[in-house]
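The values are calculated or read from the model by the stated rules, or taken from the named source; none is laboratory data. Keep in mind it's a predicted model, so treat the numbers as computed, not measured. So basically every Cβ, Gly included, is an ideal-geometry build from the backbone, and we count neighbours across all protein chains shown.
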Amino acid sequence: MVRRQSPVRDLVRGCRWAAGAAVLLAALAGSAEAQYVLHRNEATVVVEPYAANIVRVSLSLRQQDAVAQAGYGVLARPQTEGWTQRQGVDGDHFQSQALDIQVMPAAEKGPESGTHADIAKFFNGSAPGVGLHIATADGRSLVDLRGWGMAVPNYKDGTAWLSADRRPSDPPFFTVSASFSAAADEHDYGMGQNQEGYLDRRGHVLRCAHDYNAPGGQSVCVPFVVTNKGYGLIWDNPSRTTASFGFNDQNTFLSEVGQRVSFFIIAGDYDAQYKGYRLLTGDTPMPPKSAFGYIQSKQRYTSQQELLEAARGYRERHLPIDDLVIDWFHYTKMGQMDMDPAKWPDPVAMNRELHRMHFQTMISVWPRFVPESRYYNTLMQKGWLMHQADGTPTNGLPYDRAGSDIDTTNPEAAQWYWNTVRENYVTKGFDAFWADETEPDLPPNGSYFHVGPGTQFFNVYPLFHTAAFYDGMRKDMPGRALILSRDSYLGAQHNGGIFWSSDISPSWDVLRRQIPTGLNFVASGMPYWSTDIGGWQYLPQSHKPEHPPLLDPSDARENVGGFDDYPELYTRWFEYGTFQPNMRAHGSRLHNEVWSYGKQAEPILEKYLRLRYELMPYLYSLGWQSHLTGAPFMRGLFLDFGNDPNVADLGDEYMFGPALLVAPVTEQGATTRSVYLPAGTSWYNFWTNECLQGGQRVTVAAPIDTIPVFVRAGSILPLGSAVESTQDKQTIAAIKVYAGADGHFTLYDDDGTTYAYEGGKHHVAELHWDNRAQRLSSSDTSIPVDPAKGVVQVVHP
């Protein structure tokens, strides 16, 4: 099926397939028709509606930049239908049924006097003041623009160095900034991945940039923030950005390079904010059902034989699993895009056998090419590598000898890259791709892309790179695209990407910080995220725990060495991984299969592996909702219990879909866990069915084989029959209803592999629980809701 695209998809990705000047001019003309252009002293101000509750505002000292289209990742076209404009003594108003945008009149310039005159002799700002007030149509204030800046590189601000990153042919560089009002009780979430361990962004300074070496673990920039004050904000600038929240009662964004300030405001509650993000940047395609299963990886399976042995180990034990992953160094040279025949003698036969065993295979493909590789000269001659101003390919010497990055912002290079991946890997039977190192690993500041200076377009690479895979997979492969990417940006969710928190360390501290890290990342409009279960980095030679280990490491010494509590850590991480959007084990241990961590750990890991597949009907239905709405299904409690002030900065527990509250154990030696149960509902202990009132903190049992999970009253939880792969036919084994409130759940299914669902070939059943009548009903008579059939299980307080 041909991929359905927005009419401006090519344009907003930088005319990435070189569609031509005619397309560019036509799109610009269409945008101009949907813009309101104002002038305030030296500034051009553009108000550009996209929906009744969505508006983009652009400000610049250069009119051509103010009126230019929205930046990379935005697919929607502006439109003014339903909007009106009026002028008054208080300025210009732009109104819809949802919003009232007020641009105040230009401030009159007059002679300064007194101290102001003395200050003006020596100091001035970079841009004239522009008064901007954004409110709902009924007058409720949402956000005000407090100030903005557009400063040339200079020594005063410490930005003079930026001039060295600009070629004479590039547009002028400005450091652009804006400050917005922030109410005292505002809370802010999202902005991509930051691993410092906090949930609410308020009271923190965040560096929005792809940074592998960030202190807490890799950071990823997705400049979309959602708030509890009825608006979300997209900061439309791809350069490295510093964002601060709540200081001096304002939120401030400062980007290293731009030619304008550009931002979107999406009005409404959290659901509306995510629907608006989806409208602007595209939906999240349904991943293959296998992506909801278990993904087995390690650093690394070194041979065909080793991978097949792991596969047979799972099937002989009748353990559920879907995907096996081949990591880096399967090739003879970086960028050779081959498989070492000494270790991988027949990948085609290997994949054929794995497919017969109901496995899917994913292989890591890096964007790097060393000079000795077979494609390097072609890439260099065509100018398809990220490069310096003189055309020299950027490399990481002397410490990094892995070559140069292909520039997939160039549409010809992107097409070549996919064709080469297809010729070398798709033809061997691989089903999915691991797009590793998508920052890119060689930071682009000071280098140049096809789309422009890397300093200005610092964060866009993962958007283009995942698109190269996704567009190619849609065209050339029959199954749904599955792309594991280390980085993201606005719109990358539309490229079939699933993301992970990079090469994290194996420690209790890191495990603890993963929870708020993941909640903020998915809150940024990116529903699919996971961690390397167990951490990726090598284990220390020894580690003595603070408390006696809960699992005996003695029969796993070959694997865990002197890390006495590592089987305990891995088990707790695995339990947490069961309740992540994607469940993927990875790391630099000799062995990483579920039987690798000792006889005491093994049955616990098997228990949660089976539970993951038992939850499959519920999980897959959650994916469908994210596809429809743009909202994540791993949800900070703030999304569902905003009226409970206790959850605003509660980052160590979360909702997994509408039913399950998950509270991972992240303290070594702990056998109990304090859990806050949000107010406004009752909660059932998933394991014991004990019912407790919300609005209280409780201490619950958490022995090593138990992660605390609670079920919200009124929940409908469909559970599947035992299977060993999502390719096996799974039936609904039970529908558990947790009484105490009315409930609703949309049960979804499709073929799990193709794009037929886009044409309506899917199955939806609306399940409803009437608590007063104590009756479950279904819009689909094939769903066995009759109590006599023994599938429905009602849990009572």
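Considering each of Pro787, Pro797 in turn, give the residue that is over 26 Å from Gly623 (Cα atoms), over 36 Å from the mean Cα position of the chain (by Cα) and without any contact (Cβ under 8 Å) to a residue 60 or more places away in the chain. Step through it out loud before you land on a result.
Numbers: Pro797 fails: without any contact (Cβ under 8 Å) to a residue 60 or more places away in the chain.
It is Pro787.
What pairs come out if I take residues in segment 486-509 that are assigned by TED's automatic domain parsing to the domain that holds Gln299 and pair them with residues that are basic (Lys, Arg) whose C-beta lies under 6 Å away, six or more apart or interchain?
Taking only residues 6 or more apart or on different chains, the pairs are Ser502/Arg486.
Within segment 401-409, does at least one residue satisfy the condition of being more than 16 Å from Tyr448 (Cβ to Cβ), surrounded by fewer than 22 Cβ atoms within 10 Å (Cβ to Cβ) and either among the β-branched types (Val, Ile, Thr) or modelled with pLDDT under 95 (or both)? Working first, answer last.
First, the residues of segment 401-409 that are more than 16 Å from Tyr448 (Cβ to Cβ): 401-403.
Subset that is surrounded by fewer than 22 Cβ atoms within 10 Å (Cβ to Cβ): 401-402.
Within this subset, residues satisfying the condition of being either among the β-branched types (Val, Ile, Thr) or modelled with pLDDT under 95 (or both) are none.
Looking for residues that are more than 16 Å from Tyr448 (Cβ to Cβ), surrounded by fewer than 22 Cβ atoms within 10 Å (Cβ to Cβ) and either among the β-branched types (Val, Ile, Thr) or modelled with pLDDT under 95 (or both), one finds none in segment 401-409, hence no.
List the number of the failed condition for Arg513; all other conditions in (1) in contact with a strand residue (DSSP E or B) (Cβ under 6 Å, 6 or more places away or on another chain); (2) part of a helix (DSSP H, G or I); (3) touching a residue at least 60 places away in the same chain (Cβ under 8 Å); (4) not hydrophobic (A, V, I, L, M, F, W, C) hold.
(1)
Identify, by number, the condition in (1) under 30 Å from Thr408 (Cα atoms); (2) modelled with pLDDT of 95 or more that Met104 doesn't meet.
Met104 satisfies every listed condition except (1).
I'm checking my understanding of the structure. Among residues of segment 535-559 that are in a helix (DSSP H, G or I) and among the acidic types (Asp, Glu), which one is nearest to the chain's Cα centre (by Cα)?
In the first step, residues of segment 535-559 are kept if they are in a helix (DSSP H, G or I); the result is 554-559.
Subset that is among the acidic types (Asp, Glu): 555, 558.
Details: Asp555: 38, Glu558: 36 Å.
Applying the filter and picking the extreme gives Glu558.
Which of the residues spanning segment 269-302 are among the basic types (Lys, Arg) and under 27 Å from Gly71 (Cβ atoms)?
Hits for segment 269-302 are Lys275, Arg278.
Could you please let me know if His358 is surrounded by 14 or more Cβ atoms within 10 Å (Cβ to Cβ), without any contact (Cβ under 8 Å) to a residue 40 or more places away in the chain and part of a loop (DSSP other than H, G, I, E, B)?
Numbers: surrounded by 14 or more Cβ atoms within 10 Å (Cβ to Cβ): yes; without any contact (Cβ under 8 Å) to a residue 40 or more places away in the chain: no; part of a loop (DSSP other than H, G, I, E, B): yes.
For His358, the condition - surrounded by 14 or more Cβ atoms within 10 Å (Cβ to Cβ), without any contact (Cβ under 8 Å) to a residue 40 or more places away in the chain and part of a loop (DSSP other than H, G, I, E, B) - is not met.
Go through (1) in a strand (DSSP E or B); (2) of a type outside the set (D, E, K, R); (3) in contact (Cβ under 8 Å) with a residue 24 or more places away in the chain and name the single condition His93 misses.
(3)
Touching a residue at least 60 places away in the same chain (Cβ under 8 Å), in the same structural domain as Ile234 (by TED's automatic domain parsing), crowded, with 18+ Cβ neighbours inside 10 Å and within 27 Å of Phe458 (Cβ to Cβ): which single residue out of Val67, Val45, Val103 fits that description? Give the derivation first.
Numbers: Val67 fails: touching a residue at least 60 places away in the same chain (Cβ under 8 Å); Val103 fails: within 27 Å of Phe458 (Cβ to Cβ).
Just one listed residue meets the conditions, Val45.
I'm checking my understanding of the structure. Among residues of segment 729-741 that are closer than 14 Å to Tyr620 by Cβ and touching a residue at least 24 places away in the same chain (Cβ under 8 Å), which one is surrounded by the fewest Cβ atoms within 10 Å (Cβ to Cβ)?
The qualifying residue surrounded by the fewest Cβ atoms within 10 Å (Cβ to Cβ) is Ile732.
Looking at (1) in a helix (DSSP H, G or I); (2) loosely packed, with under 11 Cβ neighbours inside 10 Å; (3) touching a residue at least 24 places away in the same chain (Cβ under 8 Å), which is the one condition that is false for Gly139?
The one condition Gly139 does not meet is (1).
Do we find that Ser303 is under 27 Å from Ser502 (Cα atoms), surrounded by fewer than 22 Cβ atoms within 10 Å (Cβ to Cβ), at pLDDT 95 or above and in the same structural domain as Val152 (by TED's automatic domain parsing) in this structure?
Values: under 27 Å from Ser502 (Cα atoms): yes; surrounded by fewer than 22 Cβ atoms within 10 Å (Cβ to Cβ): yes; at pLDDT 95 or above: yes; in the same structural domain as Val152 (by TED's automatic domain parsing): no.
No: the conditions fail for Ser303.
Got a number for residues in segment 560-584 being over 13 Å from Ala663 (Cα atoms) and under 18 Å from the mean Cα position of the chain (by Cα)?
Total satisfying the criteria: 4.
Got at least one residue in segment 65-88 being among the hydrophobic types (A, V, I, L, M, F, W, C) and over 33 Å from the mean Cα position of the chain (by Cα)?
Step one: list which residues in segment 65-88 are among the hydrophobic types (A, V, I, L, M, F, W, C), which gives 66-68, 70, 74-76, 83.
Next cut, over 33 Å from the mean Cα position of the chain (by Cα) only: none.
Within segment 65-88, none of the residues are among the hydrophobic types (A, V, I, L, M, F, W, C) and over 33 Å from the mean Cα position of the chain (by Cα).
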